[in-house]
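Just below is one structure, and these are the notes that go with it.
Rule-based calculations on the coordinates, nothing more; no lab input. Keep in mind the model is a prediction, meaning the values are calculated, not measured. Heads up, the Cβs are rebuilt from the backbone with ideal geometry, glycines too, and the neighbour counts pull from every protein chain shown.
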Amino acid sequence: MVRLTADVIAEAAQLVNPCRERELNLRSYKFSVVENLGATLDQFDTINMNDNDIKKLENFPYFQRLKILYVANNRIRKISPDVAQSLPNLEELVLNNNEIKDLADIDPLAELPNLEYLSLLGCPMCAITNYRLYVIFKLKTVRVLDYRRVKKSEREAANKMFSGSKGDKLLKEIANTFVPGGELDDLQKRKEKEMPAADREKIKAAILQAKTLEEVEMLQQQLQAGVIPGKRGKKAVNPEVEEEEDEEEEEEGEKMQE
């Protein structure tokens, strides 16, 4: 796994782009964590981090100069709550083709005082009804969303939908209540509850007795298929197959009688 180290940053391409802005190109390095950006010494107007494996937009130092950030084609699901404190002068943010699913996940962007251009095309949240109105309501400084200018009528519609008591109720329903690790804990508890203690002991014993990597992989495949080592899995219920088996048994019975 590639890390975004100070050496990687120092060796990355630096250029003056067509807009006469100093740009740092960190594209396609495939790093998953944003780190060590303090090594840039806040010398860039634009940073391009497209086509990496970033999972969360975080760990930015205080960048007074940075105005444009490209992080398209990553795996971003969350945005750090302190992003506005780190990037107070950010004007343009491109988050195309990431994994942001919930509308409330973009709420930290509402604190960016100078954000005017935002694109979220290709993110799962774009398929949510009233996605555009929610973004317009929350990010009041945004003038261009998904490369389309925000119209006055859209802003009025967004304010009408999300203002007042009904709007507050709707915002509470939209609010993200995800607890990190909560789903995994619930899944583990559910699995432990569903699986009898005897079966768990059989699994442990089979793993301890495995002598080769092939045996471990075979055990893993069996467990994924729902087969407990030393215990036959249940056959899938198929009425057509059962009828054919019954007919074959009847024919065999008739032959034996003859």
Completion exercise
For the range 5-62, the dipole about the Cα centre with charges only on Cβ (Lys and Arg +1, Asp and Glu -1), to the nearest 20 debye, works out at 120 debye
Problem - Entries of Lys78/Lys140; Lys55/Lys202; Lys67/Lys166 with Cα pairs more than 31 Å apart - result: Lys55/Lys202; Lys67/Lys166
Exercise for the section: Please sort 96-102, 122-128 by packing, taking for each peptide the average over its residues of neighbouring beta carbons within 10 angstrom, highest first. Expected result: 96-102, 122-128
Practice task
Would you mind putting 64-72, 142-150 in packing order, based on average other-beta-carbon counts within 10 Å, highest first?
Solution key: 64-72, 142-150
Practice task
Sum up the charges of everything whose Cβ sits under 13 Å from the Cβ of Leu66, counting Lys and Arg as +1 and Asp and Glu as -1, but leave Leu66 out.
Solution key: -3
Problem - Positive-end residue of Thr40, Ala6, Ser28, charge dipole of the range 1-127 with Cβ unit charges - result: Ser28
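Write down the percent of antiparallel bridges among all DSSP beta bridges whose residues are both part of the range 6-174, to the nearest 5.
Working: 6 of 22 bridges.
In the range 6-174, DSSP labels about 25 percent of beta bridges as antiparallel.
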Completion exercise
A correct Karplus calculation of ³J(HN,Hα) over the range 29-40, with 6.51 cos²θ - 1.76 cosθ + 1.60, θ = phi - 60°, whole Hz and x for Gly and Pro, returns 8, 6, 7, 10, 10, 7, 7, 6, 6, x, 5, 6
